[in-house]
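Input: a single structure, listed below in structure tokens.
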Amino acid sequence: MIVSVSTAQAQNKSDLKVMKDCEAINETYDNASFFLYLKAPLSKNRDLARVEIDKEQLTPGQVLIDCDKIDMKTWKAMKKDYISAIKSANTELKSIVTKYKFLPTVTLTCEMKGKITKVESTSPKCPKGYKELYKQ
């Protein structure tokens, strides 16, 4: 679902209440999933993910709107559709990230009898006998 604001609807006057509300909704966009894909090393999976993201128009520039050019009347008419468009985009991004296994790596620091070891993985576990100190 794409929500767009035509220049006929948009005025160059900023409504502070609309801007604040719109920016709060823009903050719910899942930048983390998008940047997981973007920071992944070049590979066939990354290319396939890019094709899907472009096809579904899920990049921040395609999903998010410019909040400072919307009047109150236009905002009231489109707010619900915009919220559902952001939620839909987030769901699609998460499914693409999961499908192509673009998962964040986590570093786990483990300790046993003064010996410290670090384990790095998408879902790390300490070796047998080691205690988890902290995650990074």
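The values are calculated or read from the model by the stated rules, or taken from the named source; none is laboratory data. Quick caveat: nothing in here was measured; it's all calculated off a predicted structure. Heads up, the Cβs are rebuilt from the backbone with ideal geometry, glycines too, and the neighbour counts pull from every protein chain shown. Calculation scope for accessible area: heavy atoms of the full protein, side chains included, ligands and nucleic acids excluded. Shrake-Rupley method; radii C 1.70, N 1.55, O 1.52, S 1.80 Å.
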Highest mean first, how do 103-112, 61-70 rank when packing is the count of other Cβ atoms within 10 Å averaged over residues? 61-70, 103-112
Once fully extended, how much extra length lies between A77 and L103, figured as 0.36 nm per residue of separation less the alpha-carbon to alpha-carbon distance? 5.7 nm
Can you tell me the dipole magnitude for the chain around its Cα centre, using point charges on the Cβ only (Lys, Arg +1; Asp, Glu -1), in Debye to the nearest 20? 720
Which of K17/K94; K39/K115; K20/K76 have a Cα-Cα distance over 21 Å? K17/K94; K39/K115
Just grab the label-to-label distance for D54 and L133, each label 7 Å out from Cα along the Cβ direction, in nm (one decimal). 4.6
Average accessible surface area per residue within the chain, 1.4 Å rolling probe, Å²: 68
Report, in debye and to the nearest 20, how large the dipole of the stretch 66-118 comes out about its Cα centre when Lys and Arg carry +1 and Asp and Glu carry -1 on their Cβ. 280
